[in-house]
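The values are calculated or read from the model by the stated rules, or taken from the named source; none is laboratory data. Since the structure is predicted, the reported quantities are computational estimates derived from the model, not experimental observations. Backbone-built Cβ (ideal geometry, glycine too); neighbour counts: all protein chains shown. Note: areas computed on protein heavy atoms with side chains; ligands, DNA, RNA excluded. Shrake-Rupley method; radii C 1.70, N 1.55, O 1.52, S 1.80 Å.
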Amino acid sequence: MKPRRTGRGYEEMEGTNLPTAATGYGGTRNGGVSPTDTGNAVNSNGASGGVGVGSDAVVAPPEFELASVSVVPDDTFTVTQAVNALGFGWFQVKLSLCVGLCWMADSMEMTILSVLGPALQCDWGITRYQQALVTTVVFLGMMLSSTFWGHLSDRYGRKPALTLCGVLLFLYGLLSSVAPSFGWLLLLRGLVGFAIGCVPQSVTLYAEFLPTKQRAKCVVLLDCFWALGACFEVALALAVGPNLGWRWLLGLSAAPLFAFAVITPWLPESARFHVTSGQNDKALSTLEQIAKDNKRPMLLGRLVVEGPTGSRGSFKALLGSSLRRTTLLLWFIWMSCAFCYYGLVLMSTELFGGRNKTIGPDMDTDCHPLATTDYMDLLWTTLAEFPGIFATIYVIEKFGRKKTMALQFLFYAGCVLMITMTEVRVVLTIILFMARGVIAGLFQAAYVYTPEVYPTALRSVGVGGCSALARLGAMATPYIAQVLFQTSIWSAVSVYGFFAVCASVACIMLPYETRGTDMAH
């Protein structure tokens with residue numbers, strides 16, 4: 001590690017900054033103590049003395065210590081203080097691109113579900129329920145794996161979990177394109193969902209490196225990569241689907257996953273994770289890298305843990321007395337958010353593609369291939385996520401996290417209920433555009449609030465638990481958006497409106513507002 005300032009004594013692990021007779025104020029990392037001098041005397045304040053004890057060391061007499069040495073205060077700092085002091089710079093920009101690529105790949109795998117179902121219905125003659133099952137099995141894998149990835153991240157670090165996630169996502173995504181039967185496709189898409197369950201941990205890693213003032217804006221802006229991935233997937237489906245088929249579409253959609261798997265070894269590990277796991281040296285190395293990249297002076301003093309660590313990665317602790325209400329409300333909010341978001345995506349396909357009715361290989365099965373105009377309308381509604389992101393950035397800082405999520409749920413409920421009032425394609429596209437923008441911003445608002453409200457030791461498992469409940473909502477939504485929607489549009493949109501209103505109330509009932517606060521210790 002590169003030496004740091006030595007103009008005044010400081011330490012990074014244990015002990016105080018006492019001068020020695022030979023060197024004055026210590027300039028080494030242990031406050032003037034050589035690495036072999038670990039048996040330092042302890043003064044009346046419990047601090048380690050700065051004079052070495054060993055065969056070659058000269059022990060200062062007590063009267064010299066008391067009369068001639070003035071004790072320098074033991075300056076300390078936390079990871080939060082360091083991240084805020086080092087600010088937003090090149091380090092965070094690089095991390096944004098890496099995490100953004102992960103989100104882009106995740107978005108493509110999710111968006112392809114709205115295109116894959118109709119393609120399989122025409123190619124293999126699958127039924128409506130089988131078409132919904134293709135979507136459900138992905139979210140089932142995500143739900144089953146979310147707590148697993150959260151536990152793994154809190155135990156062994158965010159970086160190892162994301163590295164394994166990238167490799168598995170690319171492997172199973174590519175194998176899905178050569179699935180020989182519907183059963184094999186379900187299995188492989190389920191494994192894709194299992195790997196995707198780790199993607200929310202990239203937000204945990206990202207948020208832990210963001211200064212307090214920029215955290216909300218940066219996490220919300222991360223959704224730009226999600227929207228970009230969704231738009232790219234629709235454009236890819238338009239270019240590849242009609243000519244080469246869904247197999248080529250699945251294979252080419254795995255390309256960003258390969259790119260993310262390649263760059264994961266260069267991801268930094270969370271300094272907060274290192275501190276809470278007792279690896280202060282590694283945390284300091286990461287903070288020094290931030291200072292170097294951002295061209296800021298490194299803080300002087302001793303890095304300390306920000307608060308009691310408790311049990312790291314304990315799912316049971318999420319339901320403790322201090323967090324139970326927050327956890328239960330967030331579970332319902334995340335479940336409703338995913339239920340409404342993916343429901344709108346699937347309903348958009350049904351609304352646009354339902355007019356192109358033909359007969360597939362199975363004569364009892366209706367085939368609804370997407371036409372060029374359908375892809376273009378899907379692209380327009382997907383582009384709504386960009387203004388939704390920027391609107392959320394403004395509102396979330398002005399009104400706070402809780403009120404923003406509550407208002408967005410109510411606005412979404414109003415939009416989906418308006419779907420039943422018109423059959424004009426242009427008006428319908430505008431309604432879907434507004435609903436898609438607000439629900440996309442809402443999802444990111446939840447991603448801002450959740451890592452802020454949980455302590456470091458439980459942050460990954462907290463986000464993972466919320467992600468698991470979100471997948472439960474996403475598992476149920478195909479049977480409303482693809483099955484019930486064909487029977488009664490009014491019944492389907494009423495279900496989404498009801499859940500959105502209930503979730504809005506749950507947002508108001510959250511016990512903590514995290515706007516302008518440091519991440520919980």
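Assorted remarks:
- Helices (runs of 4 or more DSSP H) completely within the range 145-235 that count 3 or more residues being of a type in the set (Phe, Trp, Tyr) and either modelled with pLDDT of 85 or more or open to solvent by less than 20 Å² (accessible area, probe 1.4 Å) (or both): 182-196
- Qualifying residue in the range 258-265 (condition: touching a residue at least 24 places away in the same chain (Cβ under 8 Å) and within 30 Å of Thr372 (Cβ to Cβ)): yes
- Among the helices (runs of 4 or more DSSP H) confined to the range 415-512, the ones with at least 3 residues that are of a type in the set (Val, Ile, Thr) and either free of Cβ contacts under 8 Å to residues at least 60 places away in the same chain or under 18 Å from Lys403 (Cα atoms) (or both) are located at 425-453, 489-509.
- Test result for Tyr375, in contact with a helix residue (DSSP H, G or I) (Cβ under 7 Å, 6 or more places away or on another chain), in a helix (DSSP H, G or I), of a type outside the set (A, V, I, L, M) and crowded, with 24+ Cβ neighbours inside 10 Å: no
- Residue under evaluation Met434, criteria (1) in contact with a Cys (Cβ under 6 Å, 6 or more places away or on another chain); (2) buried (at least 24 other Cβ atoms within 10 Å of the Cβ); (3) not hydroxyl-bearing (Ser, Thr, Tyr), criterion not met: (2)
- Some residue of the range 245-254 being closer than 23 Å to Phe148 by Cβ and either at pLDDT below 85 or assigned to a helix (DSSP H, G or I) (or both): yes
- Options Thr404, Thr456, Thr477; residue that is under 17 Å from the mean Cα position of the chain (by Cα) and either surrounded by 24 or more Cβ atoms within 10 Å (Cβ to Cβ) or closer than 19 Å to Asp223 by Cα (or both): Thr456
- Every test in (1) farther than 16 Å from Tyr341 by Cα; (2) modelled with pLDDT of 85 or more is passed by Leu458 save one, and that test is (2).
- Residue within the range 98-106 that is open to solvent by less than 10 Å² (accessible area, probe 1.4 Å), β-branched (Val, Ile, Thr), in contact with a helix residue (DSSP H, G or I) (Cβ under 9 Å, 6 or more places away or on another chain) and assigned to a helix (DSSP H, G or I) present: yes
- Just one of the listed residues (Leu221, Leu238, Leu250) is under 30 Å from Thr450 (Cα atoms) and either touching a residue at least 40 places away in the same chain (Cβ under 8 Å) or out of contact with any Ser or Thr (no Cβ under 9 Å at 6 or more places or on another chain) (or both), and it is Leu221.
- Residue selection: Pro268 satisfies the criterion of being on the phi < 0 side of the Ramachandran plot, in contact with a Phe, Trp or Tyr (Cβ under 9 Å, 6 or more places away or on another chain) and either modelled with pLDDT of 80 or more or surrounded by fewer than 18 Cβ atoms within 10 Å (Cβ to Cβ) (or both).
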